[in-house]
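As structure tokens, the structure follows; a few thoughts come after it.
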């Protein structure tokens, strides 16, 4: 069985090797296809067919990777940033909840959403700095590999 990195690289290769004859013209066209795949996934979930859910999820992931390819965004960097963003916001959310002497597990969904919204605002500047740093290092890495 392949590891995630092998599967990701194969997905990129498929998109790159067929781009002259069978590819979306740009990222917006890929997003349109992703919307179609998302609707198909929603339908599969609604009828609760596990096999179809797996197939449609696979199609959606493949399409998103192709969108990343069109935008020249590395999946690992994107996931690393998304994880860091979530963890930072979740930590801040828990701090806000503790300040109010409450417990996350005892909040309603609406209350938890309210704290999440507050944590997004509270971490906005820090995340902007992290994003800029991530983009700078990605750009430098791309430039260095191009120059080699």
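The values are calculated or read from the model by the stated rules, or taken from the named source; none is laboratory data. These numbers come from a predicted model, not from an experiment. Please note: Cβ atoms are built from the backbone with ideal geometry, for glycine as well, and neighbour counts cover all protein chains shown.
Laid out as a table, the results:
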quantity	calculated
Selected residue (only one of 12, 88 is in the same structural domain as residue 123 (by TED's automatic domain parsing) and surrounded by 13 or more Cβ atoms within 10 Å (Cβ to Cβ))	88
Single match in 33, 76 (criterion: more than 11 Å from the chain's Cα centre (by Cα) and assigned to a helix (DSSP H, G or I))	33
Pick from region 46-70, criterion within 22 Å of residue 32 (Cα to Cα) and surrounded by fewer than 13 Cβ atoms within 10 Å (Cβ to Cβ), ranking: nearest to the chain's Cα centre (by Cα)	58
Residue match in region 66-88 (condition: farther than 28 Å from residue 8 by Cβ and modelled with pLDDT under 95)	no
Which numbered condition residue 131 misses (of (1) in a helix (DSSP H, G or I); (2) loosely packed, with under 15 Cβ neighbours inside 10 Å; (3) modelled with pLDDT of 95 or more)	(3)
